[in-house]
Amino acid sequence: MDQFIKGLPKAELHLHIEGTLEPELLFELAERNKVSLPYKSIAEAHKAYQFQDLQSFLDVYYAASNVLLTEQDFFDLTWAYLEKANQQNVRHVEIFFDPQTHTERGVSFDAVITGISRALQEAEKTYNMTTGLILCFLRNLTAESAEQTLQQAIPYLHLIQGVGLDSAEVGNPPSKFVSVFDKARDLGLLTVAHAGEEGPPEYIWEALDLLKVSRIDHGVRCLEDDRLVERLKTDQTPLTVCPLSNIKLHVFDNMEEHPLKRMLEKGLCATINSDDPAYFGGYMNENYLEVAQSLNLNQEHLIQLAKNAFTASFLPLSQKEKLMRELDEYVSNSEPLQNLYKIELRNKTIGRFIKAI
Ligand code: ADE
Ligand code: ZN
């Protein structure tokens, strides 16, 4: 299972670049930029990454972002993530960034987007992967602030595929952002939104009907509303699910209770993603492996999840088909998982026998 997941060609569609800031790089950038940190050591930072809910995580995540000041910092952050993604055979990524987190501190929009985009372009050449960039508005801030951010993005539209909506969900419904999403779509941008992570199913309805999103980020609370499930299934609206995130933020008590398998079995277009991997204990492979083990997923489920992500991506059809062919080739060249189990079992038995003699 482990080997099969590692080699599986994957796409990641829900990844906050600020959420990939590992404590090691956090300390390096703090020193480079002479920014003081609330932690004495890398180990202390790791220990502090225990959260009760989304807000308690966001407090830590925004505080850490203070070390990001220059174009080079944004390049280094993004490059570190892309190196890991490539090692995990992530063949396509669509990255979220939160410009307001930085522009509110006096960092220029240009430094943020240029640093991130330079790393994306470098990865396309070096790793032969494909990439996209999605600008997220912080929903806890005002709609006017989102509009100003969209204005700042206009000179850089060639670098951006779409806009999204993130940060503290409850009390900040999608309906607050109808006007800025209308403007973004008029500019030719696609739209996505976090909805139904902590917020109710009504927020998913609003994201679909008012913001006209192409995908729902998280969306795990859709299962509370049968009519909504039917709508998401009929339209095959992709849901970018983040299993380790949901456990770390106590959306579900443990991975055995995670609804991902039920979502697949209801015919929903669910995908696996890492959200904020530096904080939630794993990147793509760790997310795949944890759910596969806890929910007893089989090879067909894993293949379906990988396919769903290629289908749900903002790539042109020809590129999606190319990735699908790569996936088909990988599957037809790999051992069926039942056989892998047998080999593993046989190796364990031989190991025990050798130990015994
Ligand atoms: N920003 C970063 N991670 C987030 C999440 N899981 N939900 C909402 N906003 C976020
Ligand atoms: Zn997210």
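Would you confirm whether or not the stretch 308-319 contains a residue that is touching a helix residue (DSSP H, G or I) at 6+ places or on another chain (Cβ under 7 Å) and either farther than 26 Å from residue 86 by Cα or open to solvent by 40 Å² or more (accessible area, probe 1.4 Å) (or both)? Taking every residue of the stretch 308-319 in turn, at least one turns out to be touching a helix residue (DSSP H, G or I) at 6+ places or on another chain (Cβ under 7 Å) and either farther than 26 Å from residue 86 by Cα or open to solvent by 40 Å² or more (accessible area, probe 1.4 Å) (or both). Scanning the stretch 189-220 for residues that are hydroxyl-bearing (Ser, Thr, Tyr) and surrounded by 19 or more Cβ atoms within 10 Å (Cβ to Cβ), we see that the one that is farthest from residue 13 (Cα to Cα) is 203.
Comparison of 95, 5 shows that the only residue that is within 14 Å of ligand 1 (Cβ to nearest atom) and at pLDDT 95 or above is 95. Residues in the stretch 282-293 that are within 15 Å of ligand 2 (Cβ to nearest atom) and either in contact (Cβ under 8 Å) with a residue 40 or more places away in the chain or open to solvent by 10 Å² or more (accessible area, probe 1.4 Å) (or both): 283, 284, 287. Number of residues in the stretch 100-125 that are under 19 Å from residue 14 (Cα atoms), hydroxyl-bearing (Ser, Thr, Tyr) and surrounded by fewer than 18 Cβ atoms within 10 Å (Cβ to Cβ) equals 0.
Being assigned to a helix (DSSP H, G or I) and either away from ligand 1 (no atom under 16 Å from the Cβ) or among the β-branched types (Val, Ile, Thr) (or both) is the filter here, so list the residues in the stretch 256-285 that pass it. Give the derivation first.
Taking the stretch 256-285 and keeping what is assigned to a helix (DSSP H, G or I), we get 256-257, 260-265, 277-280, 284-285.
Result: 256, 257, 261, 262, 263, 264, 265, 285.
Condition check for residue 151 on (1) closer than 21 Å to residue 284 by Cα; (2) without any contact (Cβ under 8 Å) to a residue 60 or more places away in the chain: one failure, at (1). Summed over the stretch 81-99, residues that are open to solvent by 10 Å² or more (accessible area, probe 1.4 Å) and of a type in the set (Val, Ile, Thr) total 0.
Residues being under 23 Å from residue 93 (Cα atoms), crowded, with 21+ Cβ neighbours inside 10 Å and either more than 16 Å from ligand 2 (Cβ to nearest atom) or aromatic (Phe, Trp, Tyr) (or both) are represented in the stretch 247-264 by at least one member.
Scanning the stretch 65-103 for residues that are within 15 Å of ligand 2 (Cβ to nearest atom) and either closer than 16 Å to residue 286 by Cα or β-branched (Val, Ile, Thr) (or both) yields 81, 93, 95, 101. Figure legend. Inter-residue proximity from the stretch 5-22: first residues over 18 Å from residue 133 (Cβ atoms), second residues within 16 Å of ligand 1 (Cβ to nearest atom), beta-carbon distance below 6 Å, spacing 6+ or different chains. Indicated pairs: 10/284; 22/278. For the structure I just gave you, tell me whether residue 47 is open to solvent by less than 10 Å² (accessible area, probe 1.4 Å) and basic (Lys, Arg). Here the answer is no, as residue 47 does not meet what is asked.
In the stretch 165-188, what residues are more than 10 Å from residue 139 (Cα to Cα) and buried (at least 20 other Cβ atoms within 10 Å of the Cβ)?
So the first thing to find is which residues in the stretch 165-188 are more than 10 Å from residue 139 (Cα to Cα), and the list is 175, 178-188.
Residues satisfying the conditions are 180, 181, 184.
For the stretch 221-240, which residues satisfy the criterion of being away from ligand 1 (no atom under 11 Å from the Cβ) and either buried (at least 18 other Cβ atoms within 10 Å of the Cβ) or in a loop (DSSP other than H, G, I, E, B) (or both)? Of everything in the stretch 221-240, those that are away from ligand 1 (no atom under 11 Å from the Cβ) and either buried (at least 18 other Cβ atoms within 10 Å of the Cβ) or in a loop (DSSP other than H, G, I, E, B) (or both) turn out to be 221, 222, 225, 228, 229, 232, 236, 237, 238, 239.
The values are calculated or read from the model by the stated rules, or taken from the named source; none is laboratory data. As the structure is a computational prediction, the values presented were derived from the model and not from experiment. Please note: Cβ atoms are built from the backbone with ideal geometry, for glycine as well, and neighbour counts cover all protein chains shown. Surface areas here come from the heavy atoms of the whole protein model, side chains and all, with no ligands, DNA or RNA. Shrake-Rupley method; radii C 1.70, N 1.55, O 1.52, S 1.80 Å.
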